[in-house]
Structures are given as structure tokens and as C-alpha cells.
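The values are calculated or read from the model by the stated rules, or taken from the named source; none is laboratory data. What you see is a predicted model; the values in this text were computed from it and never measured. Because the Cβ atoms are built from the backbone with ideal geometry, glycine has one as well, and the counts that use them run over all protein chains shown.
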Amino acid sequence: MTRAGRVLRGSSMLVRAAAATDVGRVREHNEDSVLAGTRVFAVADGMGGHAAGEVASRIVVEALAELEDHPPTRPEDVAEALREANRRILAAQADRPELRGMGTTATGVAVVDTGGREHWVVFNVGDSRVYRVAEHRMHQVTRDHSEVRELLDAGLLEASEVAAHPLRNVITRSLGTDPGPEIDVWVLAPTPGESFVICSDGLSGELEDRDIMLLARRHPDPQRAADELVAAAVRAGGRDNVSVVVIAVDAGDHDADADADTQPRSGLARR
């Protein structure tokens, strides 16, 4: 069900969000967890087998959901929620031997109130993704923490080789590690009419970015967009769990000052 509407402070923009998830055609269990709140939106892709991945991903979204009741005012508040999730995952592993080795990605978008105006904070650990769609264009805000991404960046791998590469599912950062992972964070000013697609690699691994953008733009209702994206990934193969959260920012009268000072931030120190 679509989670509606908060009006961003400093503007007249209304934010709506919705989520969809599917086990896919191959996996027996859905180890993804999703959050579509009013100020925090996230996807966590669990790993570990025997439902342990589901436990890890659920711990993450529960920790992030607490930001709904205690609104963040700084990017550091969001990063600290993820560090707290990491501590809880480690504690669960210590208490229950069958959960040892579990972990999860975590990516998403949160609203922070800074100086009386609200901005987006995009966060990421792992290879789940956040895409931003604005002005008929889409770009990936997050950077994959994966072996193939590092090979691509080093010029040792071509983009066309990624789908068949034996390391395509190996990630270099996840929650559930000691010491905890470095957390990437970006701060973005809101833009009227934009939208975000937050997804596990069950979506990005089955659909090209162009197809994701076309489906996201075709359906202005967030629930319809999320449902159609998940269904398309399942039709394309469904080799993994597929989870999507779509955020839509309805355009309206907009205070231009709210667009000022976009501040990308990356790599907040681990604790």
C-alpha cells in the first residue's frame, strides 16, 4: 500500500512512497526487507542462508524505522542508526550460533531537517542501489561495494562482462561485520517532480538501467511503479529476491532556496 504524504518543510512538495517485494523464481525464501515510511525509505538484502539473511535485513529496517519516531537532523544520525543495526546483528550472532555469518546490504533515503529545511540523505552499504529520476534522466546515486565494481573502476573488466563474471555476487561491504563497514552518505536538495527507486540487486541484476527508468517514469503512482518494476524483474528471470521502494515527489509551488547547496558526503568514519 502506498504510504502517503509528508510535505517537505521549506517547500510545498508532497512525498509519497510505496514498496513491493517478491521471492523470485529460484530462491526458496525472501531474505529482503523493505521500509517505506514517511521520512525513512530503505531496502536491505540479507545473506547467510537458513533464513539468517532475513533476520539480518529485518534488524536493519527495524533500526532505521526508529528514525521515524526520532527524526534525524544530521547525516550522522542516519549513519549511527546503521552502526546500531550492525551492533544488533553481531549481538544476534553471539546469542544464536545458527545465525553466525549472516549479513545484509542496506541502502535508502532519509529526510533530515537541517536549518529549518529538509534535505535527502542517501545512504549505502553493499550493492543494493538508489536511483534518482529527475528531468527525464536517471542516475545511480549510490556506488556498488562489489568486486566487479572495483574491477570496472580499475579498468580490468568491461561492463558487458559483468553479468557472466564469477565474482558478480561478491560484495566488499555489508552489515554484520566486526569492525563495522564504512557507510557512504550523500546529501541532496529536493527537486520538484523527482522520484527515487531503491532496489536490491534482484532488480538491477535483471533489468537494464534504461528499462528501470522507463518503468519508473511510466507510472506516477509509487505503488504501481514498484509493482511493475518487481514484476518485470521476475519475468526477466527472477534469479534472486526482488525488492523495490519508490518515492515520488509531487511538483508544486517551490521555494528556490531549497535547491541550494547540494552536499555530497561519502565515507563517514566507522565506529
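At-a-glance table
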| quantity | calculated |
| --- | --- |
| Subset of the range 231-271 that is assigned to a helix (DSSP H, G or I) and either crowded, with 23+ Cβ neighbours inside 10 Å or in contact with a Ser or Thr (Cβ under 6 Å, 6 or more places away or on another chain) (or both) - its residue that is modelled with the lowest pLDDT | A258 |
| Filtered residues of the range 56-81 (kept if β-branched (V, I, T) and outside any helix (DSSP H, G or I)) | T73 |
| Single match in R218, R224, R239, R235 (criterion: farther than 21 Å from R39 by Cβ and touching a Gly at 6+ places or on another chain (Cβ under 7 Å)) | R239 |
| Residues located in the range 96-109, provided they are basic (K, R) and in a helix (DSSP H, G or I) | none |
| Single unsatisfied condition, V55 versus (1) more than 24 Å from D22 (Cβ to Cβ); (2) surrounded by 21 or more Cβ atoms within 10 Å (Cβ to Cβ); (3) at pLDDT 95 or above | (1) |
| Single residue of the range 75-118 satisfying the filter (within 15 Å of W186 (Cα to Cα), of a type outside the set (D, E) and touching a helix residue (DSSP H, G or I) at 6+ places or on another chain (Cβ under 8 Å)) that is modelled with the lowest pLDDT | V112 |
| Residue match in the range 83-95 (condition: more than 17 Å from the chain's Cα centre (by Cα) and not in a helix (DSSP H, G or I)) | no |
| Per-region count, the range 59-89, residues crowded, with 19+ Cβ neighbours inside 10 Å and within 21 Å of E31 (Cβ to Cβ) | 10 |
| Residue match in the range 95-117 (condition: among the charged types (D, E, K, R) and surrounded by 21 or more Cβ atoms within 10 Å (Cβ to Cβ)) | no |
